[in-house]
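First up is the structure itself, then whatever we jot down about it.
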Amino acid sequence: MRPSAVIRAALAIALFAMASAGAQAQENEEECACEAVSFAQCLAFSGVDGECSTFSDCVGYVCAPGAPITCWITEATVPIATQSGSFGIVPCTAVEASNPQPLWAAWPSVIEIGTGVRLEGITRGPGTFVYVGSLAGEPIRSVDVTDGTVSPATPALGTTVGLYYEPSNRVLYAAGGPAGQAYAFDMSNGGALLSSVVLPGSSFVNDVVVDSTVGIAYFTNSFSDQLYGVQLAANGAFGAVFQITLGGEWVQPPAGTFAANGIDKVGNSLIVAKSDVGALYSFARPTSATTVAAVRITGVDLPNCDGIRHDPSTGLMYVVQNRLNKVAVLSLSPTLDSAVLVREIMSPQFDVPTTVAVYRDFLYLPNARFGAENPGSIEYSVVRVPK
């Protein structure tokens, strides 16, 4: 049974006093939203790379010799409690103590989402959750990666393709595909629609990334050389829309050809996957209507490139190659004009994965199953692979 917030706060304060002063963990107060405790107390207790939303986020327990229980924090192991049953903590057995195993070793590697949901987009959410969208117009679903629990997270408003969760305001942003819509859902209010906007002249709004440092959500349009920037209010709601023309080395293909696809941020730049040529393009992050000088990132060929995600903790870029059933892992040059292929990730469980979310040492990818017969009556799943 989970204790009340008051009890949890008191326990966290006591536990923090016990924590090792040498724990190496990067403090990022913006991403920490624990209940009624300071960031330092949250960090000492949560063990989630400096990110937490509730105390239940402390799920990285491992058994270790010499301590009844320890909690994983970045590169440090910090003793946090000795009480059996507190927050799901149990004492180590002699066997466990001699063979330490992270709790997440037991998490499911394949999570069944449902029949006919037609998955496409995924994003990491708060705590141990990811969110997955639906090309079939069903609600966005939350997925607990620890046990595979799947629940509706938003109302069903239509097709949702790319997703991005912004922890600073707890808003989930969604690209609306052929409807030309963009959605913002308030996840601190039960997933209620916060705001929506029709993007002008759009034909397929594919993916989204938010740069909270400038308060802008960026959306790709797969059938145009126009991206969209949408100013965000303090609560994450949509404001003014401006258009960004892709220039420089970007060559737009004939009408009806899928081009701009996944998008992500790296520092003060944006990177867009261009599906028709199998390449990534980078350009300086714009904050108003303009034409950007997009530069093709050389050194790698990425046919069938789809969703992309940059992992700031490693500096690596993950590029999903959907119909090839693999993920290319890239090391980007500091100038974002070249890349080196570090490795490729494949799994027999892949069935046309499209997008990727990074959580701890894992990648989570939804199987879109493009090309399958009767897509409305087949099962869809999310696959976990080591990153």
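Within the range 363-376, residues that are farther than 22 Å from VAL130 by Cβ have Cβ atoms under 9 Å from residues that are basic (Lys, Arg) and in a loop (DSSP other than H, G, I, E, B) in these pairs: GLY376/ARG118, counting only partners at least 6 apart in sequence or on another chain. Residues of the range 182-200 being aromatic (Phe, Trp, Tyr) and in contact (Cβ under 8 Å) with a residue 40 or more places away in the chain, which ones? Hit for the range 182-200 is PHE185, nothing else. Checked against (1) within 17 Å of ASN189 (Cβ to Cβ); (2) over 15 Å from the mean Cα position of the chain (by Cα); (3) surrounded by fewer than 18 Cβ atoms within 10 Å (Cβ to Cβ), SER168 passes all but a single condition, namely (2).
Go through the range 152-165 and report how many residues are of a type in the set (Ser, Thr, Tyr), closer than 15 Å to ASP186 by Cβ and over 11 Å from the mean Cα position of the chain (by Cα). Even if it seems obvious, please write down each step before you answer.
Taking the range 152-165 first, the residues of a type in the set (Ser, Thr, Tyr) are 154, 159-160, 164-165.
Now narrow it down to the ones that are closer than 15 Å to ASP186 by Cβ: 154, 164-165.
So of that shortlist, the ones also over 11 Å from the mean Cα position of the chain (by Cα) come out as 154.
So the answer is 1.
The set of residues in the range 156-165 being open to solvent by 10 Å² or more (accessible area, probe 1.4 Å) and either outside any strand (DSSP E or B) or at pLDDT below 95 (or both) consists of ALA156, LEU157, GLY158, THR159.
Taken over the range 346-361, the criterion of being at pLDDT 95 or above and either open to solvent by 10 Å² or more (accessible area, probe 1.4 Å) or not in a strand (DSSP E or B) (or both) is satisfied by MET346, SER347, PRO348, GLN349, PHE350, ASP351, VAL352, THR354, THR355, VAL356, VAL358. Here ARG343 meets each of (1) more than 25 Å from SER224 (Cβ to Cβ); (2) in contact (Cβ under 8 Å) with a residue 40 or more places away in the chain; (3) surrounded by fewer than 16 Cβ atoms within 10 Å (Cβ to Cβ) with one exception, condition (2).
Every condition in (1) assigned to a strand (DSSP E or B); (2) under 25 Å from VAL241 (Cα atoms); (3) out of contact with any helix residue (DSSP H, G or I) (no Cβ under 8 Å at 6 or more places or on another chain); (4) touching a residue at least 40 places away in the same chain (Cβ under 8 Å) holds for LEU172 except the one numbered (3). The set of residues in the range 114-137 that are surrounded by fewer than 20 Cβ atoms within 10 Å (Cβ to Cβ), at negative phi and either part of a strand (DSSP E or B) or free of Cβ contacts under 8 Å to residues at least 40 places away in the same chain (or both) contains only THR115. On the given criteria, is ALA179 open to solvent by 20 Å² or more (accessible area, probe 1.4 Å), free of Cβ contacts under 8 Å to residues at least 24 places away in the same chain and among the hydrophobic types (A, V, I, L, M, F, W, C)? When the stated conditions are applied, ALA179 does not pass them.
Can you name every residue in the range 139-160 that is of a type in the set (D, E, K, R) and free of Cβ contacts under 8 Å to residues at least 24 places away in the same chain?
Result: ASP144, single match.
Take residues that are open to solvent by 20 Å² or more (accessible area, probe 1.4 Å) and tell me which of the strands (runs of 3 or more DSSP E) falling wholly in the range 192-300 contain 3 or more. Even if it seems obvious, please write down each step before you answer.
Details: elements: 192-198, 205-211, 216-221, 226-232, 238-248, 260-266, 269-274, 279-284, 290-296.
Strands (runs of 3 or more DSSP E) meeting the threshold: 192-198, 226-232, 238-248, 290-296.
The values are calculated or read from the model by the stated rules, or taken from the named source; none is laboratory data. Quantities reported herein were computed from a predicted structural model and do not represent experimental measurements. A quick note on method: Cβ atoms are made from the backbone with ideal geometry, for glycine too, and the neighbour counts reach across all protein chains shown. With ligands, DNA and RNA removed, areas are computed over all heavy atoms of the protein, side chains included. Shrake-Rupley method; radii C 1.70, N 1.55, O 1.52, S 1.80 Å.
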